[in-house]
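Engineer: Got a structure for you, questions after.
Any read-out appearing in this document is the output of simple, stated calculations on the displayed coordinates, not a laboratory observation. None of these values were measured; they are calculated from a predicted model. We place every Cβ from the backbone using ideal geometry, glycine too, and count neighbours over all the protein chains shown.
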Amino acid sequence: MELCTSRWESSTGWSRPLPAWDGPDTLVMAYGSSELLTDPAPLLALTAEYPGSHVLGCSTAGEILADSVTDESIAVAICRFADTRVSLACEPVAHPAESYRAGAALAGRLLAGEPELKAIFVLSDGTGVNGSPLVAGMVDAAGPDVLIAGGLAGDGSRFERTWVLVDGQPRSGYVTAVGLAGPRLRVGHGSGGGWDIFGPERRVTRSAANVLFELDGQPALALYKKYLGDRVAGLPATALLFPLEVRAPGAADRRLVRTILNLDEETQSLTFAGDVPEGSLAQLMRANLDRLVDGAHAAAADSGTVPEGAALAVAVSCVGRRLILGGRTEEELEAVLGALPAGVEMIGFYSYGEIASIVAGTCDLHNETMTIATFWEAA
């Protein structure tokens with residue numbers, strides 16, 4: 001496996017020359033600004049370099065390359081496999097209600113083309129897709145033996161528009177994924193949080209999919225504003241500072257963190273990146289900066305026995321973590337690299353949702369986590 005990472009910025013161009021590795025065994029990952037939807041020229045120039053490769057990418061709330069994060073750039077990883085089969089598929093999602101169908105169709109297409117599929121890395125539109133049923137559809141279609149990881153595209157803290165690459169073009173309203181298979185392929189994964197819970201645990205008394213209407217019979221938005229205090233004026237972005245931990249009935253070991261994408265004053269409801277089922281128990285969370293950095297280190301440490309040398313680590317961290325960490329954001333990237341062996345190349349992005357397994361044999365949509373997926377080929 002050969003690997004090269006590089007970053008494009010308008011003032012300097014590419015930080016490293018792009019290798020001439022075009023071909024069916026090459027995977028290209030590209031993460032960039034949501035503004036590339038309006039002016040895609042640098043992105044199209046990149047995809048034109050690899051017409052015969054599998055090119056995957058999305059918009060971000062910050063582009064990660066090694067231990068630094070930038071905006072208005074493009075972070076790229078070009079990976080040429082020696083003995084791994086690569087496939088690519090995409091599905092449109094016209095409405096969030098189609099999310100489960102899209103996930104099942106996407107995984108089904110990848111599995112039909114490759115019965116020995118080992119892993120799927122998925123990128124989704126970040127504002128028009130409900131991540132929970134999307135992941136559920138993929139898990140149901142692919143089965144428990146296929147590792148699924150990825151994330152929801154970002155748009156800074158604006159929450160207006162996102163894109164994923166479809167046939168080399170940035171498009172909204174799509175989900176795209178790459179499938180990987182082969183006897184030498186190895187895949188690791190890890191996920192960590194670091195948030196502290198506070199306040200009383202409340203029951204979700206009225207919700208519909210990812211829209212929360214009532215907690216303990218009280219309007220969800222009114223209750224949430226009470227905790228935000230003078231940060232109310234910054235909604236919905238300031239809601240990232242206080243996510244919700246959700247524990248579904250009968251599943252105490254699957255504690256999911258949910259972050260707000262939007263709100264509705266008329267219905268006094270909150271729209272989350274993933275489902276908040278009725279009957280769940282929910283509790284507010286707040287940040288502890290040192291614990292966030294420790295959570296990122298733990299995610300990398302849990303991502304498997306990665307060898308020194310050619311290995312790719314893909315970091316997907318939540319936009320909320322970046323907003324909270326502020327000037328300390330790169331500390332969590334340094335913590336990740338510190339837990340990985342020398343020679344591992346890291347790329348990734350700040351997202352609107354992270355897709356990863358925490359409990360063995362499952363996969364969920366998470367918010368406010370750092371997730372790591374590692375890929376390499378055994379000797």
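Engineer: Using just the Cα positions, wrap the range 10-114 in a convex hull and report its mean projected area in square nanometres, one decimal place. Let's see the in-between values first.
Structural biologist: Numbers: hull surface 33.2 nm².
Mean orientational projected area (the range 10-114, Cα hull): 8.3 nm².
Engineer: Using 12 Å as the cut-off for backbone N distance, which residues of the range 300-316 belong to the label zone defined by a point 7 Å from the Cα of E49 along Cα→Cβ?
Structural biologist: Counting backbone N atoms under 12 Å from the label point, the list is empty.
Engineer: Using C-alpha positions alone, give me the convex hull volume of the chain per residue in cubic angstrom.
Structural biologist: 124 Å³
Engineer: Okay, next question. Starting from the Cα of D145, step 7 Å toward the Cβ, then list every residue of the range 339-379 with an amide N under 16 Å from that point.
Structural biologist: 361-362
Engineer: What does the charge count near S280 come to, summing +1 for each Lys or Arg and -1 for each Asp or Glu among other residues with Cβ under 13 Å from its Cβ?
Structural biologist: On the way: positive: R202, R203, R206, R247, R254, R255, R258; negative: E201, E214, D216, E245, D275, E278.
Combined, the nearby Lys, Arg, Asp and Glu give +1.
Engineer: For the range 166-260, count the residues as N, evaluate 2.2 N^0.38 Å, and divide the Cα radius of gyration by that value, please.
Structural biologist: 1.50
Engineer: FRET efficiency for A82 and S10, Cβ-Cβ distance as r, R0 = 35 Å, nearest 0.05? Don't skip to the end; give the middle numbers.
Structural biologist: Numbers: r = 35 Å, r/R0 = 0.99.
Taking R0 as 35 Å, the efficiency between A82 and S10 is 0.50.
Engineer: In the Gaussian network model of the chain, springs joining C-alpha atoms below 10 Å, which of G179, G103, G309 carries the largest mean-square fluctuation?
Structural biologist: Among G179, G103, G309, the largest mean-square fluctuation in the Gaussian network model of the chain belongs to G309.
Engineer: Under 1.5 on a/c is rounded, so check that first for the range 71-188, then, if it is not, pick prolate when a/b is larger than b/c and oblate when it is not; a ≥ b ≥ c are the square roots of the alpha carbon gyration tensor eigenvalues. List each step's numbers first, then the result.
Structural biologist: Values: a/c = 2.09, a/b = 1.30, b/c = 1.61.
It is oblate, given that a/c is not under 1.5 and a/b is not larger than b/c.
Engineer: If you bin the C-alpha pair distances of the range 294-379 every 5 Å from 0, what whole percents do you get?
Structural biologist: 3, 15, 26, 25, 18, 10, 2, 1, 0
Engineer: Would you mind computing, in nm to one decimal, how far apart the modelled labels at Q218 and D196 are, each placed 7 Å from Cα along Cα→Cβ?
Structural biologist: Between Q218 and D196, the label points sit 2.2 nm apart.
Engineer: Please report the net charge: other residues with Cβ closer than 14 Å to the Cβ of A119, K and R +1, D and E -1.
Structural biologist: Net charge around A119: 0.
Engineer: Another question, then. Provide the net charge surrounding V93, with neighbours chosen by a C-beta distance below 12 Å and charges set as Lys +1, Arg +1, Asp -1, Glu -1.
Structural biologist: -1
Engineer: Further, regarding this structure: Using the alpha-carbon centroid of each, what span in Å lies between the range 214-272 and the range 64-131?
Structural biologist: 28 Å
Engineer: Would you work out if the range 190-315 is rounded, prolate or oblate? Take a ≥ b ≥ c from the square roots of the eigenvalues of the alpha-carbon gyration tensor; rounded if a/c is under 1.5, else prolate when a/b is larger than b/c, oblate otherwise. Walk me through the numbers before you get to the answer.
Structural biologist: On the way: a/c = 2.30, a/b = 1.83, b/c = 1.25.
Cα axes put the range 190-315 in the prolate bin.
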